[in-house]
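**Q** This is the structure I have questions about; it appears just below.
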Amino acid sequence: MTGTLSLLSLASCAAMVSLVAQTARFTTGVAAVRVDVLVTDRGRPVTGLARTDFELRDNGVAQTVTDVSSETLPLNLLCVLDLSGSVTGLPLANLKDALAALIDALAPADRAALVTFSHRLHLHTRLTGNKALLRSLVDGVRSGGNTSVIDAAFAGLAMREADEGRTLMLLFSDGRDTASWLTARTVLEAARRTDVVVYPVTARVTNFMNMTVFRPNDPLTVVPSGRLRPASGGAIRLLDAFADDTGGRMFYAEGEGGLRKTFLDVLAEFRQRYVLSYTPTGVSSDGWHPIEVKLLARSGQVKARRGYFGVTPGAGARTPPK
Amino acid sequence: MMKGAGVLGSFGGRPLACAIGLLVFCHVPPTAGRQDARPRYADLLAAYKTGDVDGAVSGVMRLTSSGEGTKTLADWVANRRRSKDVVSLELALMLHTEAAILGFGESAALGLGGWLDQLRAVRRIFVALRALAPRSAFVRNWHLLWESVVQGAGLSPISLTADYLPMALEDFPNDAEVLLAAGCRYEWLWWIGSANPRRLPSGGSSSDKQLRTAVDLLRRSRTADPAAVVTRLRLGRVLFLLDDFDRAEPELRPLTVATVEPAWRYLGLLFLGELLEHRGETAAADAAYESAIGLVPVDQSARVAAAQLAHKDGRRAEAAEDIGRALDRPETGLDPWWLYLRGQWWQFEDRLRTARAMVRR
């Protein structure tokens, strides 16, 4: 847990935004790098941009954006979902309903994977385009136990497959971590080594009664009673950091049907992002590459990763700068 | 085999029911039909003594929640104290302790007020008992039982739950297990503080001071019982958390040998691996994590640790494979790391059984 907070005050998007990209495929020094970018203006996604609308710097060196694509690449959706003891009853029903809607909204070429967690991590399916299977698996999930959101987030990152698709991790959690082995700092560092874009979703609930429930025969479940709990301050900061470091955005589900709408909003926003491609020139293929992207000749905010790590397999443990 | 292995066997590598013990009391909350007949306190004590835990506990919950019951209890305790009736006070303490434990359980219909009533009853009886027999074996075991509940249930450290520990340290200053429980409390406080600073009494963030206090207590415990595996494990872990790697490693290394019980060995390897990883000794850390894998049926944390290290090292395919295996653990059973986070909870079943046996003698 130590050091988590030091990672939480990441730079916000301004005219020039620090980004993180990634690239696991960056092995020869000449491979193309892709940067997943969200452009907004007064909170609304900006569409219709061309490659000439962007300026991109890799390690401070201006690069030529060779391609801008949007909605053309298939989506790999990693659903990483909190099924700890607090997500029971109506919250669980709402979650299943929201997931069903999300699965229905996937395009034919899209694939989804389902990972759930309490203190225990569970892979229900790797990436699949079989919607019937996904619906069936969602229908069968059960909740109970503590919360390993940090370990689960890492699992999602590590599962990212080396294909041409874009990977969106929808990370749903409503509470603080109580069982993970990994620390938040470790997993945020891991996030900077991948191109997975994380969209955390949490619940915002009013009239919350912080009454602890303890089950003597289930000591790994110590949860607030009553309804779906809102994430605590620490949990919010953690989820926010996942979003910030990966270029995603944090969403809050509110009210009746809020989760369904939020999940669909996440998917819709992700589809309105741009994927900028460029072949790095004038920079080393190794090490940490801070990236900066800004818009040319128009207003708007750009949100994406802060950089990427050129990885030489087996070259030893690496830690991106904080 | 190092001392402590036998104790560990109660949860190492076994399903949940065996791991922390399937608690023998399974409380049934008072029903509407039973509330009109207010039980007599003496009958409840007799029921508890003869093994009717459910009946005695549900009855005492109803009794204590009334103003009349509170006054009756106060008089009863005062009388027993005057007559130096230690045996009855021990029996009553256990009855209300079990009611208090269940008072914050979801099966109890007491609410916060009812739970506090039980905590106050426990306090009243404990104070009387401690005045008569401060250093008895029963009191010592009760301290250890209560501390396992406080840490295991994640009770907010309010005075009625938390301040028995200073009394235990005062009455048993050189007792290895009391010192271990106390050291574990401070490590646990640091942990919950680091996850949610608002839960600390100080209202502040997690603090090295708690870890240093834990080190002091654990060292005293180790002096009192040098062979205790769990003390070394926790001492090594806390020293690591304080970045004192040089002192942490000698505590952890001896726990990684084959003669140590698998669950403790698993944790020793996990902690040692993390230490080595922080030192930049990637290959050695990897070896430690790999050695931990397979020692216990649910080894999720070791697999996650190995996957993270591979990922950091640029071995993405290996990381994906490791995490795939971490996501495919058995549905039952517990990773010892999850129990470690519950402090002294793993002692709960044994302490409760011992305490019950003591009052039924």
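The values are calculated or read from the model by the stated rules, or taken from the named source; none is laboratory data. A quick note: this is a predicted structure, and the numbers were derived from the prediction, not measured. Using ideal geometry, Cβ is built from the backbone for each residue, glycine included, and neighbour counts are taken over all protein chains shown. Accessible surface areas use protein heavy atoms only, side chains included; no ligands, DNA or RNA. Shrake-Rupley method; radii C 1.70, N 1.55, O 1.52, S 1.80 Å.
**Q** Given a 1.4 Å probe, show me the residues in the range B:115-162 buried by at least 30 Å² of accessible surface when comparing the whole protein assembly to the chain alone.
**A** B:A153
**Q** Cross-link candidates for B:K49: which aspartates and glutamates have Cα within less than 16 Å, leaving aside residues fewer than 8 places away along the same chain?
**A** Excluding near neighbours in sequence, the set is B:D85, B:E90, B:E98.
**Q** Further question on the same structure: Per residue of A:118-126, what is the mean number of Cβ atoms on other protein chains within 10 angstrom of that residue's Cβ?
**A** Working: counts 0, 8, 12, 8, 5, 6, 1, 0, 3.
What the average comes to for A:118-126 is 5.
**Q** In whole Å, what are the extents of the range B:261-361 along the principal axes defined by its C-alpha atoms, from largest to smallest?
**A** 62, 30, 19
**Q** Leaving out same-chain residues fewer than 8 places away, which lysines sit with a Cα under 26 Å from that of A:K131?
**A** Hits, sequence-local ones excluded: A:K96, A:K261.
**Q** Buried accessible area for the A:B pair, summed, 1.4 Å probe, in Å² rounded to 100? Intermediate results must be reported in sequence, preceding the final value.
**A** Values: alone 13950 and 15560 Å², together 25140 Å².
The buried area between A and B, both sides summed, comes to about 4400 Å².
**Q** To continue, here is another question. Provide the solvent-accessible area of B:T70, counting protein heavy atoms only and rolling a 1.4 Å probe, rounded to the nearest 10 Å².
**A** Taking all protein chains as shown, B:T70 has close to 60 Å².
**Q** Within 10 Å of each Cβ in peptide B:319-331, how many partner chain Cβ atoms are there on average? Round it to a whole number, please.
**A** 5
**Q** What would the Debye equation give as log₁₀ I(q)/I(0) for the range A:88-184 at q = 0.11, 0.17, 0.21, 0.26 Å⁻¹, counting only Cα atoms as equal point scatterers?
**A** So the normalised log intensities work out to -0.33, -0.80, -1.19, -1.53.
**Q** With the cut-off at 1.5 for a/c, could you classify the range B:305-348 from its C-alpha gyration tensor as rounded, prolate or oblate? Before the final figure, lay out each step's value.
**A** Details: a/c = 7.16, a/b = 2.14, b/c = 3.35.
Taking the square roots of the gyration eigenvalues as a ≥ b ≥ c, the range B:305-348 is oblate.
**Q** OK, next. Do me a favour and compute the ellipsoid semi-axes for the range A:52-117 from its Cα gyration tensor, root of five times each eigenvalue, largest one first, whole Å. Don't jump to the answer; show the numbers that get you there.
**A** On the way: eigenvalues 275, 55, 19 Å².
They are 37, 17, 10 Å, listed from largest to smallest.
**Q** Shape of the range A:125-164 from its Cα gyration tensor (a ≥ b ≥ c, root eigenvalues): rounded if a/c is under 1.5, otherwise prolate when a/b > b/c, or oblate?
**A** Oblate shape, in that a/c is at least 1.5 and b/c is the bigger or equal ratio.
**Q** Whenever you get a sec, compute what percent of the accessible area on the range B:235-297 sits on carbon and sulfur atoms (1.4 Å probe). Provide the component values of the computation, followed by the final result.
**A** Details: 1120 of 2190 Å².
Its accessible area is 51 percent carbon and sulfur atoms.
**Q** Right, next: Along the range B:263-268, what does the Karplus equation 6.51 cos²θ - 1.76 cosθ + 1.60 (θ = phi - 60°) give for ³J(HN,Hα), rounded to whole Hz, x for Gly and Pro?
**A** Taking θ as phi minus 60°, the curve returns 5, 5, 5, 4, 5, x Hz for the range B:263-268.
**Q** Let me ask another. On average, how much accessible surface per residue is there in the range B:141-192, in Å², for a 1.4 Å probe, leaving out ligands, DNA and RNA? Kindly include the intermediate steps, with their values, before the conclusion.
**A** Values: 1230 Å² over 52 residues.
The answer is 24 Å² per residue.
**Q** Out of residues 5 or more away from B:D52 or on other chains, whose amide H comes under 5 Å of its own, with H placed 1.01 Å from N in the peptide plane?
**A** Amide H to amide H, under 5 Å and 5 or more residues apart or across chains, B:D52 pairs with nothing.
**Q** Using a 10 Å cut-off around each Cβ of peptide B:338-346, what is the average number of partner chain Cβ atoms that fall inside? Mind dumping the intermediate values first?
**A** Details: counts 11, 2, 0, 7, 6, 0, 0, 2, 1.
Mean partner-chain Cβ count within 10 Å for B:338-346: 3.
**Q** Let me check against my output: what whole-number percent is the relative contact order of the range B:140-191, with C-alpha pairs under 8 Å and at least 6 apart? Working shown, then result.
**A** Details: 27 pairs, mean separation 22.4, N = 52.
Computed value for the range B:140-191: 43 percent relative contact order.
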